[in-house]
Amino acid sequence: MAVICGGGSFPGAVAAAIARSGRRPVMFAVRGWADPKVIERYDHHWIAIGQAGRFLRLARAEHCRDALIIGTLLRPPFTPIRFDWQMIRLMPRVVDFFRGGDDRLLSGLARLFDEAGMRIIGVKEVAPEIIVPEGVLGRYEPSARDRADVAHALTVIATLGPFDVGQAVVVANGHVLAVEAAEGTDNLLARITELRGQGRVATSAGVGVLVKAPKPGQDQRFDLPAIGPRTIENVARAGLAGLAVAAGNTIVAEPAQLIAAADREKVFVVGVREDSTG
């Protein structure tokens, strides 16, 4: 199986799950993003954004019929990309994909791969054990106030979903403090930490939640919400009570370390149904 790898530890977690299932992961590491320490544990090739032809040629040589995309990959500027011949032939369609949000871009590229005989699948098909279940993870549980904030945040995500806005919202006492845009969750939480330091956050430390869930209608083969130990550390640094994520639709890397971090920082982590909007 071909694993197209961006940054972070998630490609390694997925590759390990694929290997445990008896299949052979072949890592296609995107230059400038993928971590060599994660990639080099497995059979691998390095590719650049825009090298669809190289990827398909190498994947076929490795007898890969399925592929998935995992890890941090920010949308690149269009003009500096060095396209190979395969991508140049598809340029009119690729330009059209770039005119929409991330979901439109990824789904469009997946269609191109499907047409070329490479089936794009999602993490849930090959690594269900790294998907967050419903319920509390760790020692600490959300209060009634926290659960009300979670429900409010899920409503915000559902409302903004048609505009292809981010997957994370911070709510405290029913007040929306921040919505994720292009900056990513870590920078969103850093923004809350900065606002708290400036006195712009009126609630006391230990009040407020970060909620992550897919956008309604999102192609769930791509860009599922993801959390790890660093997410917990940033939630605590931002002075929030905890973190809620969409059960069954969120990836967790290093779950044991995540739970240990949550218990150490005294914050809750809970998987919730996406219809838990009160």
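The values are calculated or read from the model by the stated rules, or taken from the named source; none is laboratory data. It should be emphasised that the depicted structure is a prediction, and the values quoted were computed from it without experimental measurement. Backbone-built Cβ (ideal geometry, glycine too); neighbour counts: all protein chains shown. For accessibility, only protein heavy atoms count, side chains too; no ligands or nucleic acids. Shrake-Rupley method; radii C 1.70, N 1.55, O 1.52, S 1.80 Å.
Return one whole number: the accessible area per residue of segment 126-242 in Å², for a 1.4 Å probe. Heavy-atom SASA per residue in segment 126-242 reads 44 Å².
In whole Å, what three semi-axes, largest first, describe the equivalent ellipsoid of the chain built from its Cα gyration tensor (square root of 5 times each eigenvalue)?
34, 21, 16
What the Cα convex hull of segment 113-199 gives, in volume per residue, is 158 Å³. The angle separating the long axis of helix 10-20 from the principal Cα axis of greatest extent in the chain is about 70 degrees. Temperature 4 °C, viscosity 1.567 mPa s: under these conditions the Stokes-Einstein estimate for segment 1-66, based on its Kirkwood radius over C-alpha pairs, is 111 µm² per second. Taking the DSSP beta bridges with both ends in the chain, the antiparallel portion is around 35 percent.
Gain on full extension, evaluated as 0.36 nm per residue between Ala260 and Thr159 minus their Cα-Cα distance, stands at 33.0 nm.
Is segment 226-278 rounded, prolate or oblate when judged by the Cα gyration tensor, a ≥ b ≥ c being the square roots of its eigenvalues, rounded requiring a/c under 1.5 and prolate requiring a/b larger than b/c? Before the final figure, lay out the partial values.
Working: a/c = 2.23, a/b = 1.38, b/c = 1.61.
Here segment 226-278 falls in the oblate category.
Could you tell me the relative contact order of segment 189-278? Use alpha-carbon pairs under 8 Å, at least six residues apart, and round to a whole percent. Intermediate values should be presented prior to the final figure.
Numbers: 131 pairs, mean separation 27.8, N = 90.
After rounding, I find 31 percent.
Among the trypsin sites (Lys or Arg not before Pro) in segment 188-240, those located in a DSSP loop and surrounded by at most 16 other Cβ atoms within 10 Å of their own Cβ are Arg200. Hey, what angle do you get for helix 52-61 against the long axis of the chain, alpha-carbon based, 0 to 90 degrees rounded to 10? The angle comes out near 70 degrees. The apolar share of the surface of segment 200-276, taken as the fraction of accessible area on carbon and sulfur atoms (1.4 Å probe, ligands and nucleic acids excluded), comes to 46 percent.
Seen against the Cα atoms of the chain and their longest principal axis, helix 102-115 is set at about 30 degrees.
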